Each structure stands twice: as structure tokens, then as C-alpha cells.
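Trainee: Got a structure for you, written out below as C-alpha cells; questions coming shortly.
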Amino acid sequence: DGEVRDIGVKSDGSIIITGDFSSVNGSARNRVAQFASDLWLNSVVGGYGPNGNVRNLIVLSDDRTLIGGDFTQFDASPAPGLGCLLKWGSIDGSFTASRDISSAGQLALLSSGKILTAAYTKMSRVWP
């Protein structure tokens, strides 16, 4: 019912999408949804999700997913513009950005493992 802004594929072939939507195929999914490799909607990802639009994502080598966008929380946990989801879509409570991003326009993963984010007028190294 809204715009999909980014898509990623995990090592097991599952697909994660982010954007500005509140449902997928008639099922409630607040701006983040994950499909199994056979394209069935994963029922684990749900909850409140982020409280604002998700502009982009990066799937990490361990199948966690970084998300960036215009949000301050994910499932009622603080996530100021940047969050990390565990393999099945719940928030990774061990991840904290070193800066309050507020609105992550683009994300980039450097070969060193550091993450860069650009937000309209500034660029920051946020983790680790």
C-alpha cells in the first residue's frame, strides 16, 4: 500500500524490503517486510517496526540488516535514523550508532566494516 525504497537478499535467499508501506499482500508490515526464498511473506517480521520511513538497507555478511531512514524508534526501542535488525527481523539491541543520525539518506559499508551514512547535508561515520 506504499512505496518500496530498497531491497536486499540474504545468504539463505530470503528477501527483505523497506520503504513507506504499512502492509504487504494484505498483512500488516510497518515499513519492513521479509520473504522466504520461496517468496512467502515471513510472519516473524512485524511488530511496530520503525516509526518513520525506511529509505535504505544493507544486508551484512552475518545476515543482519542495517536500515536507515526518517525514524527515531524501531519496535519502541531507540534507533535514531539507523538500526540493525537480526536475521529474522527483530531489532539488534547490541547495535548502537556512535551518533544520532535522525535521517539517514544513504548507507555505505566500507571494507573496514565501518558504516558511512549521508543525510542531505552531512556525512558521518557511525559504527564502530
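The values are calculated or read from the model by the stated rules, or taken from the named source; none is laboratory data. Values in this document were obtained by computation on a predicted structure and should not be read as measured data. Here the Cβ is made from the backbone with ideal geometry for all residues, glycine too, and neighbour counts use every protein chain on show. Ligands, DNA and RNA are stripped out before the accessible areas are found, and what is left, the full protein with its side chains, is counted by its heavy atoms. Shrake-Rupley method; radii C 1.70, N 1.55, O 1.52, S 1.80 Å.
Trainee: Residue by residue through region 96-113, note down the ones that are at pLDDT below 85, open to solvent by less than 40 Å² (accessible area, probe 1.4 Å) and touching a Lys or Arg at 6+ places or on another chain (Cβ under 9 Å).
Mentor: Those that are at pLDDT below 85, open to solvent by less than 40 Å² (accessible area, probe 1.4 Å) and touching a Lys or Arg at 6+ places or on another chain (Cβ under 9 Å): Ser103, Ala104, Gly105.
Trainee: Further question: Can you pull out every residue in region 18-42 that is among the charged types (D, E, K, R) and either in contact with a helix residue (DSSP H, G or I) (Cβ under 9 Å, 6 or more places away or on another chain) or surrounded by 18 or more Cβ atoms within 10 Å (Cβ to Cβ) (or both)?
Mentor: Of everything in region 18-42, those that are among the charged types (D, E, K, R) and either in contact with a helix residue (DSSP H, G or I) (Cβ under 9 Å, 6 or more places away or on another chain) or surrounded by 18 or more Cβ atoms within 10 Å (Cβ to Cβ) (or both) turn out to be Arg29, Arg31.
Trainee: Does region 67-74 include one or more residues that are in contact with an Asp or Glu (Cβ under 6 Å, 6 or more places away or on another chain) and open to solvent by 50 Å² or more (accessible area, probe 1.4 Å)?
Mentor: no
Trainee: What pairs come up if the first residue lies in region 12-27 and is free of Cβ contacts under 8 Å to residues at least 24 places away in the same chain and in a strand (DSSP E or B), the second is open to solvent by 10 Å² or more (accessible area, probe 1.4 Å) and among the acidic types (Asp, Glu), and their beta carbons are under 8 Å apart, counting only those six or more places apart or on different chains?
Mentor: What qualifies is Ile17/Asp6; Ser23/Asp1.
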